[in-house]
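Below is one structure; the comments refer to it alone.
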Amino acid sequence: MRDGVQLITYVDRLGGGGVATVNELLTGSLSGVFTGVHLLPFYLPYDGADAGFDPVDHGTVDPRLGNWDDIARISDTHDVMADLIANHISDESPQFVDFLEHGNESEYAGMFLEPAAVFPEGPSQQDLAAIYRPRPGSPFTVKRMFDGTDRSMWSTFTPHQIDLDMTDAGARQYLLDVLDRLAGAGVGQVRLDAIGYAVKTAGTSCFMTADTIEFVKELGSAVHERGMKALLELHSHYSEQVEASTIADWVYNFALPPLLLHAFYTGVATHLTDWLRSSPTNTITVLDTHDGIGVVDAGPDGDKPGLLTPDQIDELVAGIHAASNGESALATGAAASNLDLYQVNCTFYSALGHDDDRYLLARLVQFLAPGLPQVYYAGLLAAPNDMDLLEKTGVGRDINRPYYSMAQIDAALQRPVVRRLMALARFRNTHSAFEGTCTIETGAPHELLITRKTDSASIEARISFRDATFRLEESHNGASSTRTSWDEF
């Protein structure tokens, strides 16, 4: 995987023309901006109950978007990442429908997780309270069988996403078949979606348990056998990311976005500096994704202290709501469906009050920080909150999942903030100092000091969160220069 900036995008929401259109953008107007792309679920259907994360057919590209040959064409010029949705499958999948019709006689019956498989005597209130939940409510859904009887199924996310039983050979083979299909289309990186929930064990939180970790190792080996690398997707206490980094090729630095916002809101960079000095280096850095802005990743978990205190987390959430003029409050928690207990729904651009300088400075920190940077398509285009889409769907996350026509993309690419961000990405992709070490130093409380260095090139960055300014001292083959403005990129 090349050490450059990657794009994260829905195939249907960037240009509206499918995989081929995304490819045209990557090799056309976005040439040189991205070395890779994470294509969010393009499986059949891409527009189900959870925007593609509830596949009916995980092995087929939705024909409305293209086919596997289209995916392979992108891999000719860019690193391609795709999702393995390892925890669940759609309740409309052929496998689950067959189970509904034939019950225990179905050849797929063992694939689907029922509460009794984990709690033979039924879960106690204590068991239920211990289960780590991404959303409020019960983790179980009652499904009506074709013979009129009811069966309780484990459904971590929505009632339409039925959890797989990872102790079943058929469920595991199902995932291996998907990996084969991805590898055959030139996909080089696999994001293991919701992997922390994949194995449930009685007497635990049913999240990143010892059994889960063993499963992750096994699945990672299967990914490697097919010539690919694995990225673990975990939203939880930061210590979980640190631990997961020892068993995975890549983990996310989900603590970076809330810590960056905290630094901007308070003018104090201490918490951000401390984290970057201790965070894993095999990390994918993001400021925004198709989900909201995570706060659990920086906060405490029970007796375990967080990178920010509970009061600081509360102030951070209030700060996002204030910077977005209350828009994020309309899309978060009980204000909208598709509830998340650990995220604030808002574009990162709106979370910084549409301040171009602060937004670009946040991207500069992301690109300088240890790890491989990814930029979400809404972030690339410095998108404000999509209040019209939120009102239309009532789904909180849609505030940060806009649809862009080609004409709208062309217009957005002419905005100064977008042009400067693209120039910054090209700088990150081509400057040889990024091939070397990364050092985080302690400066004044309001400053972040980052150095990127090889034997022949270096970048020394001094970033101020008090006045949103920066100073880059660069050297390459004996020549030196200084940058203090965005136009100098």
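Using the Kirkwood formula on the Cα atoms of the range 306-386, what hydrodynamic radius do you get, in angstrom to one decimal? Don't jump to the answer; show the numbers that get you there.
Numbers: mean 1/r = 0.0726 Å⁻¹.
Across the range 306-386, the inverse of the average 1/r is 13.8 Å.
Report, in debye and to the nearest 20, how large the dipole of the range 203-342 comes out about its Cα centre when Lys and Arg carry +1 and Asp and Glu carry -1 on their Cβ. Working shown, then result.
Working: 5 positive and 19 negative charges, 67 e Å.
Roughly 320 debye for the range 203-342.
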Of Phe465, Val395, Ala51, whose Cα points farthest to the positive end of the dipole of the chain (charges on the beta-carbon: +1 Lys, Arg; -1 Asp, Glu; origin at the Cα centre)? Phe465
Once amide hydrogens are built 1.01 Å from N within the peptide plane, the residues lying 5 or more places from Leu372 or on another chain with amide H under 5 Å from its amide H are Thr283, Ile284, Thr285
At the level of C-alpha centres, the distance separating the range 185-205 and the range 250-272, in angstrom, is 26 Å
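For Arg277 and Ala411, compute 0.36 nm times the residue count separating them, minus their Cα-Cα distance, and round to one decimal in nm.
Values: separation 134, 0.36 × 134 = 48.24 nm, distance 3.89 nm.
Computed gain between Arg277 and Ala411 is 44.4 nm.
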For Ile247 and Ala129, extending 7 Å from Cα along the Cα-Cβ vector and measuring point to point gives, in nm, a value of 2.7 nm
Length added when fully stretched, Asn477-Met145, from 0.36 nm per residue minus Cα-Cα: 112.4 nm
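Report the extension gain between Ser138 and Thr393 in nm, rounded to one decimal, defined as 0.36 nm multiplied by the number of residues separating them, less their alpha carbon distance. Walk me through the intermediate numbers first.
Numbers: separation 255, 0.36 × 255 = 91.80 nm, distance 2.35 nm.
Using 0.36 nm per residue and subtracting the Cα-Cα distance, I get 89.5 nm.
Note down the relative contact order for the chain as a percent, whole number, built from C-alpha pairs under 8 angstrom at least six residues apart.
Numbers: 975 pairs, mean separation 68.1, N = 489.
That works out to 14 percent.
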Rank these for me by crowding, Asp249, Asp150, going from fewest to most other beta carbons within 10 Å. Asp150, Asp249
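Could you tell me which of the pairs Lys143/Lys304; Lys143/Lys200; Lys229/Lys453 are separated by over 29 angstrom between their Cα atoms in the structure shown? It would help to have the intermediate numbers written out before the result.
Numbers: Lys143/Lys304 38 Å; Lys143/Lys200 20 Å; Lys229/Lys453 26 Å.
Listed pairs above 29 Å: Lys143/Lys304.
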What does a probe at Glu24 reach in the range 403-417, counting residues whose amide N is under 13 Å from the point 7 Å along Cα→Cβ? 405-410
For the chain, longest principal axis from Cα atoms; helix 256-266 axis from its Cα atoms; angle between them, nearest 10 degrees, is 50 degrees
Which value, in debye to the nearest 20, describes the size of the charge dipole of the range 94-163 about its Cα centre when Lys and Arg Cβ atoms bear +1, Asp and Glu Cβ atoms bear -1, and nothing else is charged? 420 debye
If you line up the long axis of helix 210-225 against the longest principal axis of the chain, both from Cα atoms, how many degrees apart are they, to the nearest 10? 70 degrees
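Could you list Met406, Met208 so that the one with the fewest beta carbons within 10 Å of its beta carbon is first and the one with the most is last? Walk me through the numbers before you get to the answer.
Values: Met406 15, Met208 23.
Listed from fewest to most nearby Cβ atoms, that is Met406, Met208.
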Mean separation of Cα contacts under 8 Å (at least 6 apart) over the residue count of the range 199-276, i.e. the relative contact order in percent, is 18 percent
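Which loop-located chymotrypsin sites (Phe, Trp or Tyr not before Pro) does the range 115-147 contain, where loop means any DSSP state but H, G, I, E or B and the Cβ has at most 12 other Cβ atoms within 10 Å? Before the final figure, lay out each step's value.
Working: sites: Tyr132, Phe140, Phe146; in loops: Tyr132, Phe146.
Within the range 115-147, the qualifying chymotrypsin sites (Phe, Trp or Tyr not before Pro) (loop, at most 12 other Cβ atoms within 10 Å) are Phe146.
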Rounding to the nearest 10 and keeping the result within 0 to 90°, find how far the Cα-based axis of helix 356-368 lies from the longest principal axis of the chain. 80 degrees
How far is the Cα center of the range 435-462 from the Cα center of the range 75-124, in Å? 46 Å
How many angstrom lie between the Cα centre of the range 28-65 and the Cα centre of the range 371-418? 16 Å
Report the calculated FRET efficiency for Arg64 and Arg226 (r = Cβ-Cβ distance, R0 = 30 Å), to the nearest 0.05. 0.65
Ranking Phe207, Phe99 by Cβ neighbours within 10 Å, fewest first, what do you get? Phe207, Phe99
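Mind pulling the per residue volume of the convex hull built on the Cα atoms of the range 94-163? Å³ is fine. Please list the in-between numbers first.
On the way: hull volume 6.5 nm³, N = 70.
Cα-based convex hull of the range 94-163, divided per residue, equals 93 Å³.
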Cα centre as origin, Lys/Arg/Asp/Glu Cβ charges: the chain dipole, Debye: 1440 debye
For the pair Ser239 and Asp357, how long in nm is the line joining their label points, each one 7 Å along Cα→Cβ? 4.1 nm
Furthest towards positive pole of dipole, Tyr10, Ala255, Gly227, structure part the chain, Cβ charges: Ala255
Of all DSSP beta bridges having both residues in the chain, the percent classed as antiparallel (nearest 5) is 60 percent
Estimated FRET transfer efficiency when R0 is 30 angstrom, pair Met1-Glu92 (beta carbons, to 0.05): 0.30
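Bear in mind that the values in this text are calculations on the coordinates, not laboratory data. Being a predicted model, the structure only gives us computed values, none of them experimental. All Cβ positions, glycine included, derive from the backbone under ideal geometry; neighbour counts span all protein chains shown.
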